[in-house]
Amino acid sequence: MAVDTAAGHVLLKSQMCYKSRMSTKRTHTALTKRERQIMDVLYRLGRATAAEIMDRVPGAPGYSTVRTQLRVLETKGHVRHEEQGLRYIYLPTVPRHTARKSALRHLVDTFFDGSSAKAVAALLGGEAARVSDEELQRIAELVKNARSESR
């Protein structure tokens, strides 16, 4: 027999939710497509109501969908709200550069076996013709700085 101390219930182990035994690490870092779209709007606007977000998210989600996703993002720690009269104003809690690093790390881990070199090779591969000389120079400077910092 197991006890759910948070709710004060006594449950059989077989009755406990399998999700409570799952790792929570992924929940706090990975965002769904819709959550990323909402975060993009919040980063662009800085702060917004659910209605303002709904108007700017692609695919015309419903108001209740946006509100639900905002609650999920609050639970994950990516968003907080302030009450302004009867309205909630939502703000990102994770700085954009931190979210960018996390998303990029997830992308590299998922599609490039954790290899930054493979990710750069993909970016410069067949699409290299689209990279300007200025961008290539900036990339070269970043590589030079990374080498000097790693020594």
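Restricting the search to the stretch 41-74, which residues are outside any helix (DSSP H, G or I), among the hydrophobic types (A, V, I, L, M, F, W, C) and under 24 Å from Leu107 (Cβ atoms)?
Our first condition is that a residue be outside any helix (DSSP H, G or I); within the stretch 41-74, this holds for 46-49, 57-62.
Next, only the ones that are among the hydrophobic types (A, V, I, L, M, F, W, C) stay: 48, 57, 60.
Answer for the stretch 41-74, where residues must be outside any helix (DSSP H, G or I), among the hydrophobic types (A, V, I, L, M, F, W, C) and under 24 Å from Leu107 (Cβ atoms): just Val57.
Would you confirm, using the coordinates I've provided, whether Ile38 is surrounded by 14 or more Cβ atoms within 10 Å (Cβ to Cβ), assigned to a helix (DSSP H, G or I) and β-branched (Val, Ile, Thr)?
Values: surrounded by 14 or more Cβ atoms within 10 Å (Cβ to Cβ): yes; assigned to a helix (DSSP H, G or I): yes; β-branched (Val, Ile, Thr): yes.
Yes: the conditions hold for Ile38.
Readers should treat all values here as calculations from the given coordinates under stated rules, not as data from a laboratory. Keep in mind that what you see is a predicted model, and the values were worked out from it rather than measured. In this analysis, Cβ positions are derived from the backbone assuming ideal geometry, glycine residues included, and neighbour counts consider all displayed protein chains.
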